[in-house]
1. Out of 202, 251, 187, any idea which swings most in a Gaussian network model of the chain, alpha carbons joined below 10 Å?
2. Give me the distance in nm between label points sitting 7 Å out from Cα along the Cα-to-Cβ direction at residue 98 and residue 192, one decimal.
3. How many Å³ per residue does the convex hull of the Cα positions in the stretch 163-261 occupy?
4. Heavy atoms only, probe 1.4 angstrom, no DNA, RNA or ligands counted: give me 93, 23, 161, 138 ranked by accessible area, highest first.
5. So what is the calculated 222 nm ellipticity per residue for the chain, using -39500 (n - 2.57) for each DSSP H run with n of 4 or more, over all residues, to the nearest 500 deg cm²/dmol?
6. Evaluate E = 1/(1 + (r/R0)^6) for residue 229 and residue 163, where r is the Cβ-Cβ distance and R0 equals 45 Å; express this FRET efficiency to the nearest 0.05.
7. On a 0 to 90 degree scale, rounded to 10, what angle separates helix 160-171 from the longest Cα axis of the chain?
8. Can you give the convex hull volume of the alpha carbon atoms of the stretch 33-85 per residue, in Å³?
Amino acid sequence: MLVGRQPSRADSVVWPAGGAHLRSPGETSSMHAHPRGHLVYAARGVLSVRTERGTSIVPANRIAWTPAGFAHAHRAHGHTDMRIVFLPASLARLAPAHPAVFAASDLAREILLSLTDPRGHEQAPSEHQRAARVRLRRVLVDELHEAPEQPLQLPEPRDDRLRAIAELLYREPANNTSLAELGRAIGASPRTLSRLFHHELGMTFYEWRTQLRVHHALILLAEGHDTTRVAHACGWANPSSFITAFSALVGTTPGRHRATR
């Protein structure tokens, strides 16, 4: 079920093992779950996938995995061509038991696009086509099994003090207030906040803030903004620092990422 604009029939093609959905900028689904685990890929645009564990950003060089039963919601950033492949239990057991984001190899990307090409689902598949798709799904899972999980999931804080900081930075990703100053504003010492970030989110405050900024940068790039504007909007003093941080997390420069959109 979609929140906001309802898609026309031409926007979506769905079949038992997957689907292809054209989404408008800002289009968001309600929280829902599936009885089968599934892979999501943005053939165009950028997707965010939100679960109770946090929010993952899925650009064109990443594939998101959501296990069976995990409540989640999708949001499109830019005009987005969302592809979905459901995995049978025999293959899903080879994937992580938690939501994850993987680097998309050229082979994995081409297999996923082939499996979700709407033209291949316009009529009942032949026995040969069904067998070929089974083999392709196996190869796809093998490719993901070899790919490292990517640090593109922004964990969601649970502690009220961390949530107060997170809400501020969600609204103002360019905010450069130090952790000590933020602590004074919410009545917590920087040592306490540092410990909470480490134990609850598995990273330092500055690592978490960098990931939040890169998430926001991916969204702005999907909307067509140039590298310099995105760097300043996300809190970097100069584009070169932004390019370094972005490349470390996304695996490519902002310019190359934008060009491939």
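1. Comparing 202, 251, 187 in a Gaussian network model of the chain, the most mobile one is 187.
2. So the two model labels end up 2.6 nm from each other.
3. Working: hull volume 9.2 nm³, N = 99.
Expressed per residue, the convex hull around the Cα atoms of the stretch 163-261 is 93 Å³.
4. Per-residue accessible area, sorted high to low, gives 93, 138, 161, 23.
5. -12000 deg cm²/dmol
6. 0.95
7. Taking the Cα atoms of the chain, the angle to 160-171 is about 70 degrees.
8. On the way: hull volume 3.3 nm³, N = 53.
Dividing the Cα hull volume of the stretch 33-85 by its residue count gives 63 Å³.
The values are calculated or read from the model by the stated rules, or taken from the named source; none is laboratory data. Everything numeric here is computed off the predicted structure, so don't read it as measured data. Here the Cβ is made from the backbone with ideal geometry for all residues, glycine too, and neighbour counts use every protein chain on show. All accessible areas refer to the heavy atoms of the entire protein, side chains included, with ligands and DNA or RNA removed. Shrake-Rupley method; radii C 1.70, N 1.55, O 1.52, S 1.80 Å.
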